[in-house]
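Scroll down for the structure; my scribbles are underneath it.
Taken together, the values in this text are just the output of simple stated rules run on the coordinates, not laboratory data. Treat the numbers as computed from the prediction; the structure is a model and nothing was measured. Don't worry about glycine lacking a Cβ; one is built from the backbone with ideal geometry, like all the others, and counts go over all protein chains shown.
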């Protein structure tokens with residue numbers, strides 16, 4: 001907001017964000033997660049860290065990167081769901097997240113198709 005010039009402020013109505021009831025009534029849907037759940041998620045994350053280290057010492061050939069990314073995706077999903085509260089939040093946020101992941105995978109797929117269909121040119125020098 002500009003100093004002493006309230007008419008220069010960008011006005012965005014609260015109804016655009018669907019939070020008018022919370023602002024007026026002071027109510028919110030804050031979910032308190034028990035400490036035991038956080039402890040269980042921590043133990044699961046530590047277990048997956050040990051699995052990551054063990055799997056990294058085994059040679060799976062070209063599948064090493066895919067296995068590591070799969071384990072990292074599970075760990076990231078747990079962090080997103082519990083520590084960032086996406087599990088108990090509005091369903092719009094996980095939907096936007098998974099749609100963005102889908103389009104990221106589509107972009108990776110098209111990039112991979114571009115790389116594998118390129119014609120190798122011989123160096124003329």
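Net length available on complete extension from residue 101 to residue 120 is 3.7 nm, with 0.36 nm assigned per residue and the Cα-Cα distance removed.
Applying 1/(1 + (r/R0)^6) with R0 = 25 Å to the Cβ-Cβ distance of residue 113 and residue 73, what FRET efficiency is obtained, to the nearest 0.05? After rounding, the FRET efficiency stands at 0.70.
Taking other Cβ atoms within 10 Å as a rough exposure proxy, 101, 74 sort from fewest to most as 101, 74. Working from label points 7 Å from Cα in the Cα-to-Cβ sense, the residue 48 to residue 60 distance is 1.4 nm.
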